[in-house]
Structures are given as structure tokens and as C-alpha cells.
1. Compare 461, 263 by solvent-accessible area with a 1.4 Å probe and give them largest first, with all protein chains kept in place.
2. log₁₀ I(q)/I(0) of the range 235-384 at q = 0.11, 0.14, 0.21 Å⁻¹, via Debye over equal Cα point scatterers, no solvent, to two decimals?
3. Note down the Stokes-Einstein diffusion coefficient of the range 137-293 in µm²/s, whole number, using a Kirkwood radius over alpha carbon pairs, 25 °C, and 0.890 mPa s.
4. Convex hull over the alpha-carbon atoms of the range 287-336: what's its volume per residue in Å³?
5. Mind putting together the pair-distance distribution for the range 335-400? All Cα pairs, 10 Å bins, whole percent per bin, short to long.
Amino acid sequence: AHELAIYGVNSGARIHVVDNALKGSVPMTTFNLPLSPDAYAIATSHAFFFIDEKATYFPEYPVSEYPNSFAEPSARAVPVQAITQIFGDVFDFITVGPMEGYLGGGIYKWQNWDLIGGSQPSTPFGDTDLCIMSVTGVPLYRLNAVITAYDLQTYSSIWVHEMVHATAGFEYHNQLDKARTGDGMHVPGSCTDDHSHLQGPVWDWERGYPWAIAGTGSYGVRLVPNEECFDCADDDNLHNCCTFRYEDIPETKQAIEAKKELTAMSPLALYISGMKTLSEITDPKDKTYFCVGFDDGGFSVDESNTKRIKATHVTRFTLEDLIDANGGEREPKRKWNLIRHASVHVSIRRPSEAEIVFYTLLIRHFDEETRPHERRPDFWGNRREVIYPWKFSSHGLSKLHSKLNGIDCCNKKSTDIHCESRDIFSQSVPSCMTQTSNACSGSPCHPQAVCQMLDGQPLCTCKPGLVGDGNVCVYPSMTNSYATNYKATELFELTWYSCFSE
């Protein structure tokens, strides 16, 4: 599949050119949606298209002032209930985005089945679950979050940012006095514990956000401790014996791969996400972190030498400090090594076959690729953002599985040589191939869950009478939402909230 660098300046339209040899090679199925009668859906093996030609559910499509308000409130419920209506409650995360226009990133995370997974915001995060209940009358106990994002081939870093939120939660400094806190949601750039896409650049020490300290590129810099910081014995003397350096946030594929620690998830983030256990983090430096400055100012930074930056206030803390501050070690120890995901594309027109093929192959590629992908320059010759596959960001410890059950990957009548085992990117797609191994061996599920094979991957389902995502199974009365769930009739009668436009 080839990207054509033509973008509508005002409309945000995107044009894709797909090899004509792929015509007819990707099977697609059209579904009527009884619970959304004015819309219909088209599904392929790795992409789901929600089509609202009458603009019933997306009357303001595609424009939205805020990422978390994409055509609100329908975007928080209708496409999600549509795909779960067809395929069931089998997804951990669902990404929803428009096929036209621009949309930043957002996440609605209302379910957190981790017994201990890092501190979370005290206020509810979105109301997608209420809207889905108003349509179906049934809560989704497996689905952990809904992500809203622009399409993956344009700004994959936005999607990765939201996925780190989805797996690692939000800022975990909030409970620790030693650590400098940020906005309550993101790792502050003035700390060194995680340089993934969840962390912004280092903001100007005096003016703060949105003034970033400039690097040689356009993305800003990361703050990295120099070696002597780990040798400092006295925490009260860190401002004298510990210095830092600025390193450019890498922009090219070559730079990103050479400095993976400046964009990929840190051992700390991998631990909180349940991709790595505490015993697997053996290097003391991977468990020791530093922050520069106070939250409310009152400190100074000498950056006359950007390789040996000094500050009048430096703190040090460890992974064990964070664990203690957040209530103890994470449970379950393994969580997001496998993620069942669905990619939902919303439009008020029927997409062309070329678009459907493009997005299907793109998601397959995104599932399986392990290295960043350098994109072609835009129409004006400007470099465009590198695509960050999830396997790269998670160091290959987390597998994204976006296959829609029951939809073939290739049209068997096609003469396309890729149909049996390989896609256009000349890469194996395990979710498309016949699976013979028993993915349920090794007890991947909670003891009170049942494991079954689904597209070659384990699907864990809690036993009757229990609720959860299969990694954790509890009695309904043990969940936070047990006493607050609204009935569909109650939601309909609410005066302060509406799930759908008039």
C-alpha cells in the first residue's frame, strides 16, 4: 500500500493509493446494526468501519474542538456497541477515529481490573460505559478503555501515548512525596523514570508548559542523569554531586532505534503495565530515578553546559518507593502481554475498497511490525512522523491482537500469493494463519476463569457469577460500579446527561 502525500488543507481529507493487484484480495462483510438502525458496518479481518451516511449519530462529523469530545457524545457509545454487538465482549481496548478530519488523542478509561496498578485519577474517566448500557442494557466487563485517535499512519505516537495510558494508567508520582508531580496524568519531563510517549519534553524551567526547551530537532529534549548521580551516597547532597544532560527526542527511524530508551516504555512502565515482573528488573539503575525542581518553583537550574546540567533541588527515589506509595506490588503480576484490540473507523460515507484494503493491511502491519517505519515526505517535502509499532514501544513484551474473529484475512478465490501466509509488507501475520498450538497451556488466565482458543490466542472468560476480564475475576459486589450502574431506562430519564444527540 502506498501513501499519496495529498491532504485537503481545510477538510482534512486523505487520499491513499493501493496496488491494483490487491483488488478483491481482502474479504469484507457488511452488517446491519439493529441497535443503530440508521447506520451499518463493514468488517474485514483487522478493521471495522462504522458508516453513518445520514449523520444520525455524528451530526458534527468530523470536526471537534477537543479530542475527548469527538462528535460527542455518540462517539463514546455507538461504534463501540456496534462492534461488540457483532463480535461480543472480547476486546480489551477499542480505538475509534474518523476517516476524515483531524483528531488528537484521548482515552476513556472507566474500568481498571488491576488490584494494584499504580494510582489512578480520583474522578471517573469518561462515561462510555453508561452510554453503551443505555443502548444494550448490558455492561462490558472485559473492555478496559476506548481510545480516540487520528489514523495510525499519520500520528502513531498519539495512539501509543494513549495505549501507555491504557496499560500503565496515569501519573503514579501523585502518592510519593519524593517525586515531582506533573499534571496528575503524565510523567513530568523534569523526572527520569520513564521517557515513553507518556512523557512530554522538558518544559522551560521558569515559564513551564507549553514552552519546551529546544533541542537540535523539533521535538524537544529528555532529561537524562549522568553516571555520577548513581554514585552519590547522600540524598541531601544530590544538588552538588549529581548532574544531568539533555538528549534530543529522536525523530528519524535511525535515531529512534539507536536511542530506544528515549521513546519506548521504561522498565518502570513495563512493570506497572504487567509486561515485566519485578524480579525481571535486575539492573539497579533501572530502578533508580531522579527529579529536578519543586512543583511550585523556588529552585534554579544551570544549563550553561547542556551535558552537565546542575539544579539547586534534586530528589532521588526507587521503584520500591513507588510500589510502597501505591499500596504494594502489582496484581496480577502479568497483565498486558497480550492485548485484544479493535480498530474502528467512522465515516458518514461508504469507504472505497482501496481505503478498506489500506486500513486492513495497515493494522496487520501495526500488529506485527517490530521496528519503526520511516514514511515518505509530504507533498511539500517535509519529513513526516515515524510510525511507532506497539511491539517496539513495549520492547516486544506486549502483543497487539487486532484480528476480528470469523473474518477471513484473504479472499481464497484470489490468486494473490500473499493470501496464504503473508501480507503485502512481506511479513507473517500469525493471527491470519492456521493455529495448531495450544495457547491455553501454562494457565494464562485467572483460576476462576475459563480459557479457550480464539484466533490462536487465549481468551479468558470469568466463570458464571463472576465478572472481570479473565485476568481478574471477582463477585459483582466487589466492583466500584456495582452500586452506581444505571439502568437503561434511568439513563434515558436523566436531565443532566444525554448519550446521543437529539
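1. Working: 461 55, 263 5 Å².
Correct descending sequence by accessible area is 461, 263.
2. For the requested q values the scattering log ratios are -0.74, -1.02, -1.36.
3. On the way: Rh = 17.1 Å.
D, rounded to a whole number, is 144 µm²/s.
4. It is 129 Å³ per residue.
5. 18, 37, 35, 10, 0
The values are calculated or read from the model by the stated rules, or taken from the named source; none is laboratory data. Remember, it's a predicted structure, so these values are computed and weren't measured experimentally. Just the protein is used for accessible areas: all its heavy atoms, side chains included, with ligands, DNA and RNA removed. Shrake-Rupley method; radii C 1.70, N 1.55, O 1.52, S 1.80 Å.
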